[in-house]
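The values are calculated or read from the model by the stated rules, or taken from the named source; none is laboratory data. Model, not experiment: these values are computed from the prediction. Neighbour counts are summed over all protein chains in view; Cβ atoms, including those assigned to glycine, are modelled from backbone coordinates with ideal geometry. To get the accessible areas, we keep the full protein, side chains included, count just its heavy atoms, and leave off ligands, DNA and RNA. Shrake-Rupley method; radii C 1.70, N 1.55, O 1.52, S 1.80 Å.
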Amino acid sequence: GENVEQHPSTLSVQEGDSAVIKCTYSDSASNYFPWYKQELGKRPQLIIDIRSNVGEKKDQRIAVTLNKTAKHFSLHITETQPEDSAVYFCAASIMGNQFYFGTGTSLTVIP
Amino acid sequence: DTAVSQTPKYLVTQMGNDKSIKCEQNLGHDTMYWYKQDSKKFLKIMFSYNNKELIINETVPNRFSPKSPDKAHLNLHINSLELGDSAVYFCASSQPGLRAETQYFGPGTRLLVL
């Protein structure tokens, strides 16, 4: 089955700096890659996603890149703010049938 | 109008008891899931149901039994609760297909076994 690895497990950045979280997957059939943000005590919520027919997608300060050949995808957050502090999860899915999650990255943005 | 709802939100119980958590989604999705999130925050898939049929049953003790009366509901019954069952349990739903969309999560049920 699919195996998703996520790095780093913890990340601290100064406010205004960029943060990058990387994930790799093993099953070349995976074609949908969502990223979730989970604030303390809350549910995971989608912040951005990318499909395998696209190499990059951007939404304001958040961007995701996908390299299908290398089977890795990354989340980029620019101009970080304290409210970006949360746990971030990547996931891989084959047509939305099952979702395989990374182990999470705890991001702390230091004011 | 809540997309995915779970009850109860908090559950504190003694070891050995039996408890149930209920989940409902009003998104018309065909697939529903149960996840366990422990103190290390890892989201572990427990069960996946597609249109009331069990698709995935990961290595979960048989004390956990999911039940899907219809495709909008997926309940989780836990027998003989153990200390290690303490965690947050999330229900989720999604609609598979060529234009697959993300999963939507419920608010979670915080289970504490004493």
inquiry  = Please determine whether any residue of region B:70-81 is part of a loop (DSSP other than H, G, I, E, B), of a type outside the set (S, T, N, Q), within 9 Å of chain A (Cβ to nearest Cβ) and open to solvent by less than 60 Å² (accessible area, probe 1.4 Å).
reply    = no
note = The condition of being open to solvent by 70 Å² or more (accessible area, probe 1.4 Å), outside any strand (DSSP E or B) and of a type in the set (G, A, S) holds, among A:G1, A:G96, only for A:G1
remark   = The residue from A:V64, A:V54 that alone is assigned to a strand (DSSP E or B) and either open to solvent by less than 30 Å² (accessible area, probe 1.4 Å) or within 14 Å of chain B (Cβ to nearest Cβ) (or both) is A:V64
query = Restricting to region B:10-36, what's the tally of residues that are part of a strand (DSSP E or B) and either more than 12 Å from chain A (Cβ to nearest Cβ) or open to solvent by less than 80 Å² (accessible area, probe 1.4 Å) (or both)?
reply = 16
inquiry  = Only one of B:Q25, B:Q95 is in contact (Cβ under 8 Å) with a residue 40 or more places away in the chain, under 18 Å from A:P44 (Cα atoms) and touching a His at 6+ places or on another chain (Cβ under 7 Å). Can you tell me which?
reply    = B:Q95
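Matching residues to (1) touching a residue at least 12 places away in the same chain (Cβ under 8 Å); (2) touching a Ser or Thr at 6+ places or on another chain (Cβ under 8 Å):
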{"position": "A:R43", "(1), (2)": "no, no"}
{"position": "A:Q60", "(1), (2)": "no, no"}
{"position": "A:N67", "(1), (2)": "yes, no"}
{"position": "A:I77", "(1), (2)": "yes, yes"}
{"position": "A:S106", "(1), (2)": "yes, yes"}
query = Within region A:23-39, is even one residue surrounded by 13 or more Cβ atoms within 10 Å (Cβ to Cβ), away from chain B (no Cβ under 11 Å) and touching a His at 6+ places or on another chain (Cβ under 7 Å)?
reply = yes
